[in-house]
1. Quick one: would you say SER118 is exposed (fewer than 15 other Cβ atoms within 10 Å of the Cβ) and in contact with a strand residue (DSSP E or B) (Cβ under 9 Å, 6 or more places away or on another chain)?
2. In segment 121-139, how many are under 21 Å from LEU6 (Cα atoms) and crowded, with 16+ Cβ neighbours inside 10 Å?
3. Filter segment 21-67 for residues that are buried (at least 16 other Cβ atoms within 10 Å of the Cβ), assigned to a strand (DSSP E or B) and of a type outside the set (Gly, Ala, Ser) and give the result.
4. Please verify whether ASP96 is within 17 Å of the chain's Cα centre (by Cα) and exposed (fewer than 15 other Cβ atoms within 10 Å of the Cβ), treating the condition exactly as stated.
5. Would you pick out the residues in segment 1-20 that are among the charged types (D, E, K, R) and assigned to a helix (DSSP H, G or I)?
6. Can you tell me how many residues within segment 1-60 are in contact with a Lys or Arg (Cβ under 6 Å, 6 or more places away or on another chain), closer than 15 Å to ALA84 by Cα and of a type in the set (S, T, N, Q)?
7. Which is touching a residue at least 60 places away in the same chain (Cβ under 8 Å) and of a type outside the set (Lys, Arg), of PRO45, PRO27?
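Just so you know, all these numbers are worked out from the coordinates, no wet-lab data involved. Keep in mind the model is a prediction, meaning the values are calculated, not measured. As a convention, Cβ positions derive from the backbone with ideal geometry for all residues, glycine included, and neighbour counts pool all protein chains shown.
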Amino acid sequence: MTEHSLWRFARALHRAINERQLEAIEPLIDDDVEWAIYGPIDMFPFLGARRGKSAVLEVIRQIANYVRVYRFDRESVLLGADTAASMLRFSLTSLDSNKPISLRLAHFAQFKGGRLRSIRVLLDTFDLVEQTLGRPIHLPKITSFA
């Protein structure tokens with residue numbers, strides 16, 4: 001049995017972010033990759049949709065300039081022949097402020113020939129924004145349940 005593409009990609013992404021070894025991840029990304037991390041792009045400009053290997057490598061470089069990954073836990077993982085989905089919890093540190101950041105996310109990835117072809121990442125953005133601001137966000141009451 002061969003190793004699933006997700007595991008190779010995950011290790012290379014970790015090295016690219018923490019050790020700035022983009023050369024480790026470059027061969028694992030398809031030239032026409034579709035990449036999207038859904039979240040508040042006005043606070044985190046490296047979020048949003050990108051297309052193409054060079055745009056994705058730039059996003060990874062920007063993420064590496066913003067955070068360091070200390071730990072991640074897989075809450076659940078589903079693997080298909082060329083697909084993967086998982087719920088993850090990351091422990092990060094902001095390089096600007098040295099603040100710890102706890103982040104939950106879900107991702108849905110497709111691979112072709114062992115290379116990442118498409119990825120969609122959903123972040124727990126409410127919690128992320130509160131941690132980044134350093135204070136709770138108080139939303140107006142929209143409805144009342146009586």
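1. Working: exposed (fewer than 15 other Cβ atoms within 10 Å of the Cβ): no; in contact with a strand residue (DSSP E or B) (Cβ under 9 Å, 6 or more places away or on another chain): yes.
Here the answer is no, as SER118 does not meet what is asked.
2. Going residue by residue through segment 121-139, those that are under 21 Å from LEU6 (Cα atoms) are 121-123.
Going one step further and asking which of them are crowded, with 16+ Cβ neighbours inside 10 Å, we end up with 121, 123.
Going through segment 121-139 one residue at a time, the tally reaches 2.
3. ILE29, ASP30, VAL33, GLU34, TRP35, ILE37, ARG50, VAL67 - these are the residues of segment 21-67 that are buried (at least 16 other Cβ atoms within 10 Å of the Cβ), assigned to a strand (DSSP E or B) and of a type outside the set (Gly, Ala, Ser).
4. Working: within 17 Å of the chain's Cα centre (by Cα): no; exposed (fewer than 15 other Cβ atoms within 10 Å of the Cβ): yes.
No; evaluated as a whole, the condition is false for this residue.
5. Residues of segment 1-20 that are among the charged types (D, E, K, R), as a first pass: 3, 8, 11, 15, 19-20.
Across segment 1-20, the qualifying residues are ARG8, ARG11, ARG15.
6. 0
7. Details: PRO45 fails: touching a residue at least 60 places away in the same chain (Cβ under 8 Å).
Result of the check over PRO45, PRO27: PRO27.
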